[in-house]
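The values are calculated or read from the model by the stated rules, or taken from the named source; none is laboratory data. Just so you know, these numbers come straight off a predicted model, no measurement behind them. Glycine gets a Cβ as well: all are built from the backbone with ideal geometry, and neighbour counts include every protein chain shown.
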There are 2 protein chains.
Amino acid sequence: MSKKEKVDPRVVRTKRMLTDALISLIEEQGFEKVTVQAITKKAMLNRATFYLHFTDKYDLLEQSTDDMIDELKEAMKTSFVASKGAYDTESPNESFIQLFAQIGTYDYIYRVLLSESTMPHFRDKLTAVLSEFIADGMTVMQPDDDLLTIPREMAIRFYASAFLGVIIWWLKNDYPYTAKYMAAQLMKVTIQGPYKQVVIEQKSSL
Amino acid sequence: MSKKEKVDPRVVRTKRMLTDALISLIEEQGFEKVTVQAITKKAMLNRATFYLHFTDKYDLLEQSTDDMIDELKEAMKTSFVASKGAYDTESPNESFIQLFAQIGTYDYIYRVLLSESTMPHFRDKLTAVLSEFIADGMTVMQPDDDLLTIPREMAIRFYASAFLGVIIWWLKNDYPYTAKYMAAQLMKVTIQGPYKQVVIEQKSSL
DNA sequence: TGCTTTATCAACAATCCGTTGATAATCTGA
DNA sequence: TCAGATTATCAACGGATTGTTGATAAAGCA
């Protein structure tokens, strides 16, 4: 995957400056409003230099993030093997912690990139609709926060995102199931969790 | 919310033609590459007419989708009241079915808009990482598909999206919890579900 | 050091932008 | 129905961004 053949320091330096400029500009203006001109200006490089390495801003972003994603994969893979099968909810899987740790190290970049919708806020709006629906449902099912396994706000966000993700998956796969079946499945997994049997023992440790 | 005061048929017609053109162009080229020129050309309208109603393509998209979102809210709200508290996993909440029904009626638009990332594929890549992680974990926890509450592929997508959603929430809220705590919470809710007690009775109905 | 790669610079045609003012078409309400 | 108001059309503008060019300077490599 990662080729370490060519390491001309000029190239590395240029790419890094362009990447930093891009991320910074995304935060300032949003990805769509960012221009190649602005990137090279902030990076204090000539515009022609940009086109020497990238075809456009998409290409720049892709190359930059791919490195980060590779690093994330690596961090999660190695530690996953080490703690394989150790599913204790109190001391969670090491690779799982690594996920958050990695995000912490590239805090700024993850924050900027994940804040960008950019299909302007449509996802956010739909998530809001789902969140409200879930919040209402949770209040009916369990008004008492003490009987929830995790903080209410986190749970709402959790299931709203899960629902949206499955909806997108459902659309992209050309409706592999009926709407009613989908609703039933999501309902089921939300209330019962993914496994039919594991629950009892886990609860005794609380 | 929805003002039904002004209904000049020319305006309605123009807006609809522009909306249709936009959605169609998004599908063809992606939202970022769409220009106002292209929209008006496809809609067979003058470009000046566009600026008579919208400031830019974002504004057009926002106005168009807002109507759809409002309709979705309405469909889910009315039916939610009707079936309130009826949480049977076999015949799911009516408003939940409505959610999928609404998406079905605006199939094309939802499909196009939800397929657009547009933070070019970064979300998708991260979702892929999470999916792999979850798939591995599920295999360890429960290799037998018969003991899963829902189809495996759906479950993977479900929890990958949920995790990503919570991660975004976590970032946007400036790390309200530590990485380890986050990992532990997500682990817990994934295995046990959101409620500490409800599970047993539900299972007996299977 | 000498050769190769990379960065700079100015300039280009092309595209898209947002707005203007003047005119024509269409709708609304009395 | 018809007059006034609203909306759509058209051409044209200055400005900004794009992607590319060829020639030159700088930096890295062996």
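The residues of the range B:16-31 that are surrounded by 18 or more Cβ atoms within 10 Å (Cβ to Cβ) and within 14 Å of DNA strand D (Cβ to nearest atom), listed by number, are B:LEU18, B:THR19, B:ALA21.
The selection criterion, being over 22 Å from B:TYR58 (Cα atoms), within 16 Å of DNA strand D (Cβ to nearest atom) and modelled with pLDDT of 85 or more, does not hold for A:ALA38. Given the criteria of a type outside the set (S, T, N, Q), near DNA strand C (Cβ under 8 Å from one of its atoms) and either within 27 Å of B:GLY30 (Cβ to Cβ) or more than 14 Å from every other protein chain (Cβ to nearest Cβ) (or both), does A:ALA48 qualify? In short, yes.
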